Amino acid sequence: MTNETEATPPSSPGQTSLASHHKPHITWSDTYTKSIHAIDSLSAILPSLLPSSLSFSESPATALLHNSQVSTSVSSFLHRPGSGSADDPLCAWLYDTFHSSSPELHLVVLRFLPALTAAYLSRTALHQPLAGFESVFLAIYSHETTARGGQAITASIPDMAHRSVYHEAIKQAEAKNGSTELHLAVISPSLEPHGTVRSTRRAKIVGVAMELYYNKIYQIPVESRIEFCHFCKIWSGQDDSDDVNNTEGQDMEETNQEKRRKWRMNMPWEVLQPMLRILGHCLMGPEKNEELFQAALVACRCMLARAMRDINPKAILAMTSLVELAERAMDTSVEVVDHTDITMSNVITI
């Protein structure tokens, strides 16, 4: 029997007046006004006071996105007992904020995706009604469905049967080959509109939300990415020091193993694939942050241990590659060589 939740948005939180923040040269359709409205609505929901500097910032949405105090309060609110119900005011705020036409406010909602996903997936096994959480995921899924226009995300795979742009056309070779179609790999299949979340659709809907998080990851604060790595470690149900062949100290680790087993989540490929991309960016992205790198490395090692326990060949191959690349990057004895660099020399070699 599958769980089904109607795609009805949760009740909207209380709205406060914007008269004190309204400026004469700003209209109600501006991103500035929408951001001020979102901040005022959020302040009426969270138990702690929001910094007054948010409302007086030249870019309120950016200030809200990067404020650590707000992120801590929102994460705590999402993990409180009873959160995620149909009348959850924070879920209603996330739903309404994402439905705004402001890309900056979209980023604000995506910034809280790790905490939202952790709170949601940890309670799906309890068979509790989580219409509040699911309405937010459905809003993101609907946005991506519309943006893709029924098209799948594909990538062209190099094939020796097709000449490159750097080679001359050889018609005789093409005639003998008979291969005319490009080899395309489907990164993400086309999306069908869904108005409900069932147990059979849950992985796909959550995975699409993670894909959008990955597509915007260069705009997501580092703290959110570190939080995502932390939750990946928890979801794996493993510890970075775990060894699948280690049989010593089982009595001492029995309690910790039981705690990690409670947080261990099912990881179908629809969820695991975007997780791999996010972790790969955290490890090899252009933004060099030591804390982020270490958090991603620990998460990859835990995910590798989980993949080996589950005997998941695709996950083992991907995770092993990420761990080896990260360890190679940390090895200072390995000389980094850029094979695309053209060396300059006065010597002509014949």
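The values are calculated or read from the model by the stated rules, or taken from the named source; none is laboratory data. Since the structure is predicted, the reported quantities are computational estimates derived from the model, not experimental observations. Cβ atoms come from the backbone with ideal geometry, glycine included; neighbour counts cover every protein chain shown. Calculation scope for accessible area: heavy atoms of the full protein, side chains included, ligands and nucleic acids excluded. Shrake-Rupley method; radii C 1.70, N 1.55, O 1.52, S 1.80 Å.
Quick grid of which residues meet (1) crowded, with 21+ Cβ neighbours inside 10 Å; (2) at pLDDT 95 or above; (3) within 15 Å of residue 82 (Cα to Cα); (4) over 17 Å from the mean Cα position of the chain (by Cα):
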{"residue": "113", "(1), (2), (3), (4)": "yes, yes, no, no"}
{"residue": "126", "(1), (2), (3), (4)": "no, no, yes, yes"}
{"residue": "158", "(1), (2), (3), (4)": "no, no, no, yes"}
{"residue": "163", "(1), (2), (3), (4)": "no, no, no, yes"}
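When the residues of region 297-350 are filtered to those that are under 30 Å from residue 231 (Cβ atoms) and in a loop (DSSP other than H, G, I, E, B), which remaining residue is modelled with the lowest pLDDT? Please lay out each step first, then the result.
First, the residues of region 297-350 that are under 30 Å from residue 231 (Cβ atoms): 297-331.
Keeping just the survivors that are in a loop (DSSP other than H, G, I, E, B) gives 311-312, 331.
Values: 311: 89, 312: 88, 331: 75.
For region 297-350, the residue satisfying everything is 331.
Identify all residues within region 68-105 that are closer than 19 Å to residue 208 by Cβ and open to solvent by 30 Å² or more (accessible area, probe 1.4 Å); write none if there are none.
Once the filter is applied, which keeps residues that are closer than 19 Å to residue 208 by Cβ and open to solvent by 30 Å² or more (accessible area, probe 1.4 Å), region 68-105 yields 95, 99, 103.
Within region 253-264, is even one residue under 22 Å from the mean Cα position of the chain (by Cα) and modelled with pLDDT of 80 or more?
No.
I'm trying to understand the selection: among the residues of region 215-225, which are assigned to a helix (DSSP H, G or I) and surrounded by fewer than 20 Cβ atoms within 10 Å (Cβ to Cβ)?
215, 217, 218, 219, 222, 223, listed by residue number.
For region 54-73, give me each residue that is touching a helix residue (DSSP H, G or I) at 6+ places or on another chain (Cβ under 7 Å) and either aromatic (Phe, Trp, Tyr) or in a helix (DSSP H, G or I) (or both). So that I can check it myself, show each step before the final result.
Applying the first criterion (touching a helix residue (DSSP H, G or I) at 6+ places or on another chain (Cβ under 7 Å)) to region 54-73 yields 54-55, 57, 60-65, 67-68, 70-71.
54, 60, 61, 62, 63, 64, 65, 68, 70, 71 - these are the residues of region 54-73 that are touching a helix residue (DSSP H, G or I) at 6+ places or on another chain (Cβ under 7 Å) and either aromatic (Phe, Trp, Tyr) or in a helix (DSSP H, G or I) (or both).
Could you please give the count of residues in region 282-295 that are surrounded by fewer than 18 Cβ atoms within 10 Å (Cβ to Cβ), in contact (Cβ under 8 Å) with a residue 12 or more places away in the chain and part of a helix (DSSP H, G or I)?
Total meeting the criteria: 2.
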